Amino acid sequence: MRLVYQQLLAFLAVIASVLLLLGLSFSSMTKEYVYQNTWASLEKYANSLVEQSIRVSSTNPDKVTFDSESLLNSEVLLRNQSVHFTIYNRENTAIFPDNVYTSKISKSDWQKLRAGKIVQKVSDSQLKTTSGQAEPAMTDVLKPYFYTDKNNQKHLVAVVKVGAFISNINSNIAKINANLTKALLVASVVALLLAYFISRYLTLRINRLRKATNQVASGNYDVQLTSKNRDEIDDLINDFNNMALSLQESKAEIQRQEERRRAFMADAAHEMRTPLTTINGLLEGLAYDAIPEESKAQSIDLMRNETNRLIRLVNENLDYEKIRNNQITLTKQRFNALETLQRIAEQLHQKAEASHDVLKVSGAPTIEVYADYDRFVQIMFNITQNAIQFTDEGEINILVERGYRETIFKVVDTGIGMTKEQLANIWERFYKADPSRTNTKYGESGLGLAIVHQLVLLHNGKIEVTSKTGKGTTFTIIFPDEPAAQ
Ligand SMILES: Nc1ncnc2c1ncn2[C@@H]1O[C@H](COP(=O)(O)OP(=O)(O)OP(=O)(O)O)[C@@H](O)[C@H]1O
Ligand SMILES: [Mg+2]
């Protein structure tokens, strides 16, 4: 069943039970109210009747008479209002009106009357009148009247029975009930209409969500629905929007990864093609004896170089992958920083001289660093080698200092520097700011900094770089101290 009908059905059930309850309680309340009202007015009639017509002899209080003229007048008046009355004397004999047969008051009622109670009765007894017709059902109020003598003694002097036709009362009740039914019907129609519009509104909103979900299912993650943050459906819309956003982000991430994978494959192939082409050319030359005898040794040397370059390329790539996938274990220890840096500088001394660079190491001799020794050397060696590589006739300073629970290294050169765009990419594999430098004397491949970056991250350290084209570059590498024992 469609949601809108389900909701309508639920509303209908609620409305029907509410209306039924209301109707029942209202109609019983109305009946009660109308009867109470009738009895109250009948009692008032009785009072005024007695007040107007009773005559009690002052010498003998037991002698009670009624002014028949006043009674007759009252009878005419009340008959017009469909009210009938009978007056009984204390012997339970009807003394007015005296022209019809009137039954006596029952014993139990009489007892109550003597006790001063007012009796209210609903009689539907089908008493026959003298003419043989069924007497219509009546409701009566019986009220006793007492005379108090000098000794403060109360004497029952008369009972007045005032009655109204139940049919009259019932027609009043029926009128009220008819009005009530009309009001309830109108209310239920209005409620149903309202229910219909509310459930239609809800269904429309759900359908909107459904359409958007279908769009997402068919691969369109750009959908965003507007939410007014009012109810659960709005919460659902918010969740939906978040879901669409994260799907969009992961789609973008997958695309980025795919691009990087493609670029990596292309770069790797490109890097390998040059040495392979060189080796292939030389091998063909050797095979067809196209290389003069005196150049053969040089050709073999060249081939060995290229092969080494290929091996290095493959090894470095494997190393990078291992570091990235957390497949290497670091053996961290504390060691003297300055001594290690001086050892690295010694190794690179010749290269620096070849580039006419001055290579200096400075810092307090007591400073220690907490790192994997071999990996630390690899990091600092790479960065210093880069500095020498991109600096001609300049100065390279390697500095070490202590920070707060960390050791800070700086490699400052006065070389060619880098632009902002170049800086943003140096951590990428195979990135070379100036591709024309490929295959220079160092045979660089753009893997050095990518590996350095991963290694520093593995040490929970930080690496930053600032550079200005034509002025020089500064690499800052921070190694945190051993975590304090808990
Ligand atoms: N000190 C520096 N001054 C200027 N440019 C630098 C410096 N260090 C790195 N670069 C730039 O960053 C690029 C990437 O450096 P990276 O060390 O990763 O690769 P490479 O030195 O070219 O090759 P490899 O280190 O794998 O032999 C370099 O090609 C260079 O353009
Ligand atoms: Mg390098």
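Please treat every number below as a calculation from the coordinates, not as lab data. Keep in mind it's a predicted model, so treat the numbers as computed, not measured. Methodologically, a virtual Cβ is constructed for each residue, glycine included, from the backbone with ideal geometry; neighbour enumeration extends over all protein chains shown.
What is the dipole size for the range 360-486, taken about its Cα centre, with +1 at each Lys and Arg Cβ and -1 at each Asp and Glu Cβ, in debye to the nearest 20? Before the final figure, lay out the partial values.
Working: 13 positive and 16 negative charges, 54 e Å.
So the magnitude is around 260 debye.
The Cα-based radius of gyration and maximum Cα-Cα distance (Dmax) for the chain are 56.8, 175 Å.
Do the alpha carbons of any pairs in 296/322; 104/175; 63/104; 251/471 sit beyond 30 Å of each other, and which pairs?
Working: 296/322 39 Å; 104/175 34 Å; 63/104 20 Å; 251/471 41 Å.
Correct reply: 296/322; 104/175; 251/471.
One Cα centroid belongs to the range 392-406, the other to the range 31-84; the line between them spans 123 Å. Each of 427, 110 has some number of other Cβ atoms within 10 Å of its Cβ, and from fewest to most they run 427, 110.
Using alpha carbons only, the radius of gyration of the range 326-406 set against its Kirkwood radius gives Rg/Rh = 1.01. Spatially, the range 355-386 and the range 132-180 are offset by 119 Å when compared through their Cα centroids. Available extension along the chain between residue 10 and residue 334 is 109.1 nm, counting 0.36 nm per residue and deducting the alpha carbon span.
Counting residues in the range 263-362 as N, plug N into 2.2 N^0.38 Å and put the Cα Rg over that result.
Values: Rg = 20.0 Å, N = 100, 2.2 N^0.38 = 12.7 Å.
It is 1.58.
Each listed q (0.11 Å⁻¹) maps to a log10 I(q)/I(0) for the range 232-320 from the Debye sum over equal C-alpha point scatterers, namely -0.55. Fraction of C-alpha pairs exceeding 24 angstrom in the range 3-177: 48 percent, rounded to a whole number.
The charge dipole of the range 3-177, taken about its Cα centre with unit charges on the Cβ of Lys, Arg, Asp and Glu (plus for the first two, minus for the last two), comes to roughly 380 debye.
Under a cut-off of 21 Å between alpha-carbon atoms, report the lysines in cross-link reach of residue 44, not counting same-chain residues fewer than 8 places apart. Candidates past the 8-residue exclusion: 31, 112, 117, 121, 143, 161. When you filter the trypsin sites (Lys or Arg not before Pro) in the range 153-262 for DSSP loop state and at most 16 other Cβ atoms inside 10 Å of their Cβ, you are left with 228, 230.
Of the residues 6, 190, 54, the one whose Cα sits farthest towards the positive end of the charge dipole of the chain is 54 (charges of +1 on Lys and Arg Cβ, -1 on Asp and Glu Cβ, taken about the Cα centre).
Note on residue 209/residue 364: beta-carbon distance plugged into 1/(1 + (r/R0)^6) with R0 of 60 Å gives a FRET efficiency of 0.35.
Scan the range 74-105 for chymotrypsin sites (Phe, Trp or Tyr not before Pro) in coil per DSSP, keeping those whose Cβ has at most 16 other Cβ atoms within 10 Å, and list them by number.
Numbers: sites: 85, 88, 101; in loops: 101.
Answer in residue order: 101.
The 3J(HN,Hα) values that the Karplus relation (6.51, -1.76, 1.60; θ = phi - 60°) gives for the range 37-44 are, in residue order, 4, 4, 4, 5, 6, 4, 5, 5 Hz. Gly and Pro appear as x.
Only aspartates and glutamates eight or more places from residue 107 in sequence, or on another chain, were considered; those with a Cα closer than 15 Å are 91. About the centre of its Cα atoms, the chain shows a dipole size close to 3640 debye [charges on the beta carbon of Lys, Arg (+1) and Asp, Glu (-1) only; nearest 20 debye]. The H on the amide N of residue 67, modeled in the peptide plane, is under 5 Å from the matching H of 54, 55, each at least 5 residues off or on a different chain. Once the chain from residue 37 to residue 82 is taken as fully extended at 0.36 nm per residue, the excess over their C-alpha distance is 14.7 nm. Extension gain for residue 104 to residue 47 (0.36 nm times residue separation, less C-alpha to C-alpha distance): 18.4 nm.
Here the simple spin-label model places points 7 Å from the Cα toward Cβ, and for residue 241 and residue 284 these points are separated by 6.4 nm.
Pull up the DSSP beta bridges for the chain and report the antiparallel fraction as a percent, rounded to 5.
Working: 56 of 62 bridges.
That works out to approximately 90 percent antiparallel.
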